[in-house]
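Mind looking over this structure? Questions follow.
The values are calculated or read from the model by the stated rules, or taken from the named source; none is laboratory data. Keep in mind it's a predicted model, so treat the numbers as computed, not measured. Note that each Cβ is placed from the backbone with ideal geometry, even for glycine, and that neighbours are counted across all protein chains shown. Heads up: the accessible areas ignore ligands, DNA and RNA and are worked out on the full protein's heavy atoms, side chains in. Shrake-Rupley method; radii C 1.70, N 1.55, O 1.52, S 1.80 Å.
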Amino acid sequence: MLTMKPHLHIQKLQRSASAGYPRGHYLRLDRNELVPDLTQEVFEGIMRRLSPTTFTCYPATGPLYDALAAKTGQDPSNILVGAGSDWLIRNIFDVFCVPGTRVVMPVPTYGMYEVYAKINQADLIAIDYRPDLSFPTQAVLAAMAEGAGIVALANPNGAIGSAIAHEDLTAILEAARGTDTLVIVDEAYVEYVEADCGTYLDDFPNLLVVRTFSKALGLAGLRVGYALGSAALIGSVAKLRPNVEINQVAVEAALHLLENEQLVLDHVRAGLAGKEYLSMCLRDLGFEVYEGHANFLQTKFREHRSAILERLRSEEIQVKDVQDPLLRDWTRITIGPVQDMDRVVECVRSEMKNA
C-alpha cells in the first residue's frame, strides 16, 4: 500500500504544540496580550456593529481597506489585510523564498521567522543580539554584503523589547536599495513607539511593513493584521490570499477600533503608566530592569527568582520565564494598568520580606 510522506525537510521540522487555554481568572502577563481585556465600552461598541448579516454573508473587507488607507496615508493598493500579521509573514516567505534563499535575522526574535524559512528550505543566517541586548547593526550589514534574499526585523523586538535606532534601520534599508533583498519590518508593537516604518515606504521600494491588531488593539482572538508596501510587492503577496482575507466579525471589530482611536490610545497610555510604575518598584526592590519599547519589560530576579515565580503562580499571575538563551537570566512581564501591576509588586515585595 502506498503511504504518502511529507517532504524530508518538513519531516525534520520540529514544532511544539500550539493548543492554548482561556485566561480564566489568571492575570496573564506571559503572552503580551492586552491587559486587561477590552473595556466594556469598546466591547459593546463592537457588538452593536454586528447583525445576523454579519454571520450569513461572506465578508466585505473593502471598508477596512479604506479605513487603513486613511490611517496610514497609503493607497489601498499598497495594503494587504490578513488573518493576523503571522499569516502575512508566512505568505511573504512563501512568495519570496526558494530553496537556498539567504534569510538574515537578528535573534532572538519572533520564532515563526525561522519556521517559515525552514518550510521554504531557505538558508537561515542568524545574527545574535549583543549581550547588552543592543541591535547588531554591523553584523547584519556584513551578512547582507554577502548576499541576502530577506532581512527579517522585528521593531520593536517582541522577544527582547528593544527598538532599532533610526540611523541603524536607515543603514540597512540603504544597503538593500538597488538589490534583490527584501526587508521585512514587523511592527507588532508600533503603538508603543513614536516612530513607524510607514514613512520609509516611498523611499525604499523593497520594504514590507507588517502590523497587527493583536497587541495594543486587543484583537488577538480575532486574528487581524495588515501589510504595507509598494503595489508590486503587495500584489505579489496578495496572490496567496484566500478568497476573503478575514472574517466579518474581525472586520467590524477592526473598523470600530480605527474609528475610535482615542480609546486605544487611552489604553496604551494606561499600560505605559503601569510599566513605569512596575519598573520603578522593581528597581526600588533592587532588581535590574530592561524597559524596552513594547508592552512588556524584562527583569532579573537573580537568586530570588524561583521563590518569586512560585509566589506569582500561587497568586494566579503568569509571567514569561522560559526564553532564548540570551535572556535566560531575565523574566518577561507583560504590562497593564497600575492596578494590575500592583498585584505583581505586592507579590514580589511580600516574597522579599520573607527572603
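Restricting the stretch 308-322 to residues that are surrounded by 18 or more Cβ atoms within 10 Å (Cβ to Cβ) and of a type in the set (A, V, I, L, M), which is nearest to Gly158 (Cα to Cα)?
Val319
Test Glu191 against the criterion of being of a type in the set (Asp, Glu) and assigned to a helix (DSSP H, G or I), and give yes or no.
Details: of a type in the set (Asp, Glu): yes; assigned to a helix (DSSP H, G or I): yes.
Yes: the conditions hold for Glu191.
Return yes or no: is Ala176 at pLDDT 95 or above, small (Gly, Ala, Ser) and either within 26 Å of Leu13 (Cβ to Cβ) or touching an Asp or Glu at 6+ places or on another chain (Cβ under 6 Å) (or both)?
When the stated conditions are applied, Ala176 does not pass them.
Residue by residue, here is whether (1) part of a helix (DSSP H, G or I); (2) in contact with a strand residue (DSSP E or B) (Cβ under 8 Å, 6 or more places away or on another chain); (3) among the polar types (S, T, N, Q); (4) in contact (Cβ under 8 Å) with a residue 60 or more places away in the chain holds:
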{"position": "Ser77", "(1), (2), (3), (4)": "yes, no, yes, yes"}
{"position": "Ser85", "(1), (2), (3), (4)": "yes, yes, yes, yes"}
{"position": "Val95", "(1), (2), (3), (4)": "yes, no, no, yes"}
{"position": "Tyr116", "(1), (2), (3), (4)": "yes, no, no, no"}
{"position": "Gln121", "(1), (2), (3), (4)": "no, no, yes, yes"}
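If you go through the stretch 210-226 one residue at a time, do you hit one that is without any contact (Cβ under 8 Å) to a residue 40 or more places away in the chain and more than 30 Å from Tyr58 (Cβ to Cβ)?
Among the residues of the stretch 210-226, not one is without any contact (Cβ under 8 Å) to a residue 40 or more places away in the chain and more than 30 Å from Tyr58 (Cβ to Cβ), which makes the answer no.
Suppose we filter Glu167, Glu146 for residues that are open to solvent by 40 Å² or more (accessible area, probe 1.4 Å) and either touching a residue at least 24 places away in the same chain (Cβ under 8 Å) or at positive phi (or both); which single one remains? Can you show your working first?
Details: Glu167 fails: either touching a residue at least 24 places away in the same chain (Cβ under 8 Å) or at positive phi (or both).
Being open to solvent by 40 Å² or more (accessible area, probe 1.4 Å) and either touching a residue at least 24 places away in the same chain (Cβ under 8 Å) or at positive phi (or both) holds for just one of Glu167, Glu146, which is Glu146.
Which ones in the stretch 232-251 are open to solvent by 30 Å² or more (accessible area, probe 1.4 Å) and within 22 Å of the chain's Cα centre (by Cα)?
Within the stretch 232-251, Leu240, Arg241, Asn247, Val249 qualify.
Conditions (1) under 28 Å from Val115 (Cα atoms); (2) among the aromatic types (Phe, Trp, Tyr); (3) surrounded by 14 or more Cβ atoms within 10 Å (Cβ to Cβ); (4) without any contact (Cβ under 8 Å) to a residue 60 or more places away in the chain, marked per residue:
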{"residue": "Arg15", "(1), (2), (3), (4)": "yes, no, no, no"}
{"residue": "Tyr26", "(1), (2), (3), (4)": "no, yes, yes, no"}
{"residue": "Tyr58", "(1), (2), (3), (4)": "no, yes, no, no"}
{"residue": "Leu68", "(1), (2), (3), (4)": "no, no, yes, no"}
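Count, please, the residues in the stretch 49-75 that happen to be aromatic (Phe, Trp, Tyr) and part of a helix (DSSP H, G or I). Give the steps one after another, and end with the answer.
Here is the first cut: in the stretch 49-75, the ones aromatic (Phe, Trp, Tyr) are 55, 58, 65.
Those still in the list that are part of a helix (DSSP H, G or I) too: 55, 65.
Here the count works out to 2.
Kindly indicate the residue of the stretch 275-326 that is of a type in the set (Val, Ile, Thr) and farther than 26 Å from Glu187 by Cβ and also farthest from the chain's Cα centre (by Cα) among those meeting that condition. Spell out how you get there, then give the answer.
Restricting attention to the stretch 275-326, the residues satisfying the condition of being of a type in the set (Val, Ile, Thr) are 289, 299, 308, 317, 319, 322.
Among the residues that remain, those that are also farther than 26 Å from Glu187 by Cβ are: 308, 317.
Values: Ile308: 27, Ile317: 22 Å.
Step by step, filter the stretch 275-326, then rank; the result is Ile308.
Any residue at all in the stretch 28-41 that is over 30 Å from Tyr129 (Cα atoms), of a type in the set (A, V, I, L, M, F, W, C) and modelled with pLDDT under 95?
The initial filter retains those residues of the stretch 28-41 that are over 30 Å from Tyr129 (Cα atoms), namely 36-41.
In the following step, the residues that additionally are of a type in the set (A, V, I, L, M, F, W, C) were identified as 38.
When the remaining residues are screened for being modelled with pLDDT under 95, the result is 38.
There is at least one residue in the stretch 28-41 that is over 30 Å from Tyr129 (Cα atoms), of a type in the set (A, V, I, L, M, F, W, C) and modelled with pLDDT under 95.
Going residue by residue through the stretch 41-52, is there one that turns out to be more than 20 Å from Ala220 (Cα to Cα) and either hydroxyl-bearing (Ser, Thr, Tyr) or surrounded by 18 or more Cβ atoms within 10 Å (Cβ to Cβ) (or both)?
yes
Does at least one position in the stretch 200-213 carry a residue that is surrounded by fewer than 21 Cβ atoms within 10 Å (Cβ to Cβ) and among the β-branched types (Val, Ile, Thr)?
no
I'm told Thr334 meets every condition in (1) modelled with pLDDT under 95; (2) polar (S, T, N, Q); (3) surrounded by 14 or more Cβ atoms within 10 Å (Cβ to Cβ) except one. Can you identify the failing condition by its number?
(1)
Okay, moving on. So, Gly274, is that one in contact (Cβ under 8 Å) with a residue 24 or more places away in the chain and either on the phi > 0 side of the Ramachandran plot or among the small types (Gly, Ala, Ser) (or both) or not?
On the way: in contact (Cβ under 8 Å) with a residue 24 or more places away in the chain: yes; either on the phi > 0 side of the Ramachandran plot or among the small types (Gly, Ala, Ser) (or both): yes.
Yes: the conditions hold for Gly274.
Which residues, taken from the stretch 269-289, are under 30 Å from Leu68 (Cα atoms) and surrounded by fewer than 18 Cβ atoms within 10 Å (Cβ to Cβ)?
First pass over the stretch 269-289, keeping only residues under 30 Å from Leu68 (Cα atoms): 269-275.
Those that are under 30 Å from Leu68 (Cα atoms) and surrounded by fewer than 18 Cβ atoms within 10 Å (Cβ to Cβ): Arg269, Leu272, Ala273.
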